[in-house]
Amino acid sequence: MKSIDVELGKSNMLPLIASQQFYASWKVFIRELLLNAMDACNVRQALEWSWGTEFLEMEQASQMRDVRAIYEPRIDITYSSDTRLFTIEDNGIGINEYDLEHFIAQIGASYYTSTDFFNQQLKYEPYSHYGIGLCSCFTVSKAVLIESKKDKVINTAWNISNPQDTAPVMAKWFGESGQIEYVISQKKTPGTRISIPVKPSYAPYIDLDFIVETIKHYMLTLPIPVNIRCDTREVCLSQPKAKWNYPMNELVGMNIIRVDNSLLEGYVAIYHPKHKGYFHKSTLYQQGVLVSDATDILGLAPSWIDNFSYQLNIKKRFLNISISRDGAAFDEKLIELRQYIGQIIIDAFGQSPLTLGQYLSDGRKRLVCEYEAENELVSRAVQVLVYIKEREVEVPVRTVINGFIGRKIKIAFMQRALFAHYRENYPYDYGQFIDKYDIIVFEQNIRAFWQFMTPYITSMEYVMGDMPGIIYTDVSADITVAKTAASFRNDYVLRPEYYDLDPVFCLVSNELTDPMELVINTHNRNAMLLQRAEKYKKVRIARAVIIENIKQRILGNASRWNSIIDFGGELVHQYELEKPMSLQAQWCLERDFPDEINAYIAKTFTDKEIADYGLTSLYFTRKDFIKWWMAP
């Protein structure tokens, strides 16, 4: 067996890494340089702390501290608009010739993931990881000048066994050639200074305000003071701890959950739509560094809440940040964080789940998620209106399910107004109807109810009674064994199929998923013909015209039309009517309405088109419509 080594071609990869194809913005060079400087200072501080630890129990310990001054980390940023030179300098650990060869010159090789760093056994989690941050400078510059001196603390720290050279170095890195040239320099003090000549196209955008706003955008915390000087203006930024501008939670309908634990700090907000203006887009930080302010793509917001926002900082390295640091990897750590956020909501509302109900989605979005603990909370928060044991009651979905555990039951869904009409006008049939079903469920939160009932449903179909206007949904459910809704979250179906030996073309479902629901029965021969030929524009328009004419006749059933009205294929709705549509559909169609459709079809399509589209048997009769839709 033969093998070959896969190597990174630096000269080929550098132009890609140093471009906006890789980074979301050219501004990131400031972030990358700042994080490198902070790592250098933090590592030196950690080493300073361990320096002399072997003497801590000896009287000489205080003397050792007197010999070496207490370390105070410092970062300075300067920019001159005249020379277009951007410089960042720190008094951190510094680099030497060995670091230049093994880390700086090796794209993708990071000192902070090396055995050299690991052997120091420092209690510090660095920002840097991938070893490509310095390449971001080439988005705005053609060259990078590095001048650095390794601090001697590297040779006196407790865990270091291989003394390193502290001779200062000065290096020039030319992006186009991909080469680094370096010499021994005269730098006296430990630390690193990086200078980049900014390209003329970017220089006009850089001033003190730009640098400050860029740092504030990316950095939630600045544990090390950053002194910024731009021409004659200067400022010092320092933010040791995160500061959160908590929205007002005194307003009714706004719930702000403050978070401060071993992993997270910040807040989670759940609120009504009227309070949306109080919130900006969600932001997520890790170690005080922005992970993303386009957090919708991370999928951290529970889908079952309509209005949800958060400002959170992960205190330690937890997520696997993307290579460009413009987001997080979609892996098990991101899933774990999403579940962690769900647990925060559970802890906040667990004792009073009904108060969560006001914030929940109406079910148009998925309410059932992959986390069973959240599903349990939501099922206790969502209330449905039901008719059971000869009375109407409003109860949580979970209560309904638990009440029938161990049984097979029959459920009827019927709009509440239609139920009242049925009970008042058809007492005999209504009595049989009531005897058949264990529970009647009304339209309140019906989508949520069906989502949580999905694991138990064995059959679901429309029932059209002989009584005019009576259409409801018949459901058989097997609740003999408790099941997890999460496993069935992708199987949710709101509209049942309609089966009949001689099926009608359409019906009104009364389920209120839309203001007016005209359900086309895909088992009807005419519906099947139109569906098969939908790739043809004229067929799609004709289908829309037929459906819209039926809708308009249901709405305006007091008048009679002599022919089909062509609405240009555009559906003219929505309708905001509370009356059950199946009641309004009584006697809504003229007796010759099927003939009108057939005449419209004959006028719309030529004989050749009918043959080409496979519509030769497309004709309507009264049997294609519910009998009590046809005018007497």
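Checked against the criterion of being over 21 Å from residue 323 (Cβ atoms) and assigned to a strand (DSSP E or B), the stretch 94-115 contains not a single residue that satisfies it. The listed residues are 235, 252, and the only one of them that is within 19 Å of residue 221 (Cα to Cα) and of a type outside the set (S, T, N, Q) turns out to be 235. Taking the stretch 295-308 as the range and being within 23 Å of residue 243 (Cα to Cα) and in contact with an Asp or Glu (Cβ under 9 Å, 6 or more places away or on another chain) as the test, no residue passes. In the set (1) modelled with pLDDT under 90; (2) closer than 19 Å to residue 384 by Cα; (3) of a type outside the set (Ser, Thr, Tyr), residue 463 fails one condition alone, (2). Outside the structural domain of residue 215 (by TED's automatic domain parsing), out of contact with any helix residue (DSSP H, G or I) (no Cβ under 7 Å at 6 or more places or on another chain) and free of Cβ contacts under 8 Å to residues at least 60 places away in the same chain - does that describe any residue in the stretch 319-326? The answer is yes; a qualifying residue exists. Checked across the stretch 306-320, the condition of being of a type in the set (S, T, N, Q), modelled with pLDDT under 95 and surrounded by fewer than 18 Cβ atoms within 10 Å (Cβ to Cβ) holds for at least one residue. Tallying residues that are within 14 Å of residue 345 (Cα to Cα) and either acidic (Asp, Glu) or in contact with a Ser or Thr (Cβ under 7 Å, 6 or more places away or on another chain) (or both) within the stretch 250-278 yields 2.
Checking the stated criteria, residue 112 turns out to be at pLDDT below 85 and of a type in the set (Phe, Trp, Tyr). Number of residues in the stretch 434-463 that are over 33 Å from the mean Cα position of the chain (by Cα), surrounded by 20 or more Cβ atoms within 10 Å (Cβ to Cβ) and assigned to a loop (DSSP other than H, G, I, E, B) equals 0.
Taken over the stretch 603-632, the criterion of being under 19 Å from residue 471 (Cα atoms) and in contact (Cβ under 8 Å) with a residue 12 or more places away in the chain is satisfied by 622, 623, 624, 625, 626, 628, 629, 630, 631. Residues being at pLDDT below 60 and in the same structural domain as residue 149 (by TED's automatic domain parsing) are represented in the stretch 33-52 by at least one member. Test residue 337 against the stated conditions and say whether it is modelled with pLDDT of 95 or more and under 29 Å from residue 398 (Cβ atoms). Against the criterion (modelled with pLDDT of 95 or more and under 29 Å from residue 398 (Cβ atoms)), residue 337 qualifies.
For the stretch 464-476, the set of residues classified as crowded, with 20+ Cβ neighbours inside 10 Å and either touching a helix residue (DSSP H, G or I) at 6+ places or on another chain (Cβ under 7 Å) or within 25 Å of residue 630 (Cα to Cα) (or both) consists of 469, 470, 471, 472, 473, listed by residue number.
Considering only strands (runs of 3 or more DSSP E) fully contained in the stretch 163-248, which possess at least 1 residues that are in contact (Cβ under 8 Å) with a residue 60 or more places away in the chain and surrounded by fewer than 18 Cβ atoms within 10 Å (Cβ to Cβ)?
By residue number, 179-184, 191-197, 222-230.
Among the conditions (1) outside any loop (DSSP other than H, G, I, E, B); (2) buried (at least 17 other Cβ atoms within 10 Å of the Cβ); (3) at pLDDT 90 or above; (4) of a type in the set (A, V, I, L, M), the only one that residue 554 does not satisfy is (3). Among the residues of the stretch 76-93, those that are closer than 21 Å to residue 166 by Cβ and part of a strand (DSSP E or B) comprise 89, 90. Among the residues of the stretch 285-304, are any modelled with pLDDT under 95, surrounded by fewer than 17 Cβ atoms within 10 Å (Cβ to Cβ), more than 12 Å from the chain's Cα centre (by Cα) and part of a loop (DSSP other than H, G, I, E, B)? No, the stretch 285-304 has no match at all. The strands (runs of 3 or more DSSP E) located wholly in the stretch 338-433 that include 1 or more residues which are exposed (fewer than 15 other Cβ atoms within 10 Å of the Cβ) and among the aliphatic types (A, V, I, L, M) occupy 391-396.
The values are calculated or read from the model by the stated rules, or taken from the named source; none is laboratory data. Model, not experiment: these values are computed from the prediction. A quick note on method: Cβ atoms are made from the backbone with ideal geometry, for glycine too, and the neighbour counts reach across all protein chains shown.
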